[in-house]
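See structure below.
Please treat every number below as a calculation from the coordinates, not as lab data. Because the structure is predicted, anything quoted here is derived from the model rather than measured. All Cβ positions, even for glycine, are placed from backbone atoms using ideal geometry, and neighbour counts span all protein chains on display.
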Amino acid sequence: MDDIEARAIEAGYTPHIGESRQYWRDIILGVNDGLVSIFLLVVGVVGGGLATRQVFLTAVAGAVAGAVSMAAGEYLATKSQDEVLEAELTLERSHLRDFRELELAQLREMFLDMGISEDDVGGVVAAFNRSDEALLIAMKSLEFGVVESERRSPYMAMVISGGLFLAGSLPSVLPFAFVTAPGFGLVLASLFTLVGLFAVGVMKASVAGTGRIMSGLENLVIAGIGGIIAWFVGDIVGSAF
């Protein structure tokens, strides 16, 4: 297999992303959420009239709270999804044991829906019927839409999403650690965040094979609209108090 794949790559074959594929949701969501949410927080509090030190402390607190919340949320969501799947697989094993004909009929229908001909489907189902494990894997893939290599580790999802949220917050946090004027800090935070958002859009498009420039601009437009809203909300609330 390795020799065949090596020859195919030499001939121009493009391999798939591989084992990181199932975590791209966590990667993009984590860093993008960190970039956008902390930037909007900073815009809001600067618009509300806070001093530089207050903006910095608010941004740090928001970044830490957001990272912990993101990490905990992804861990619990992924773990819950795995627990539901395991419960379904336990039930499926009992179905294969006690209602095998029904399960085989369902498998036959799914293969037919995939385009396997009536002439061939009987032999395919019979081949799976000779192995309980193969039959369970087939039902898990086709009935539940789960492939083992695509399952996400709750711990990995937690670390990636929380860590990248924290990394994404840095462009909005760090300027206020080194400047004295909140307005200048906001300008730097805006520039750094826009660069980060554009880079994330380009990275996402590079993996997905879509337009890089448009993807980067899409990220910028979303953050820009959010920034305008956050500024006016902060200004209105700040004026009210």
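For this structure, a couple of remarks:
- Estimated FRET transfer efficiency when R0 is 22 angstrom, pair ALA72-ILE222 (beta carbons, to 0.05): 0.30
- Quotient of C-alpha Rg and 2.2 N^0.38 Å, computed over the stretch 22-235: 1.45
- Relative contact order, percent, the stretch 22-235 [alpha-carbon distance under 8 Å, six or more residues apart]: 43 percent
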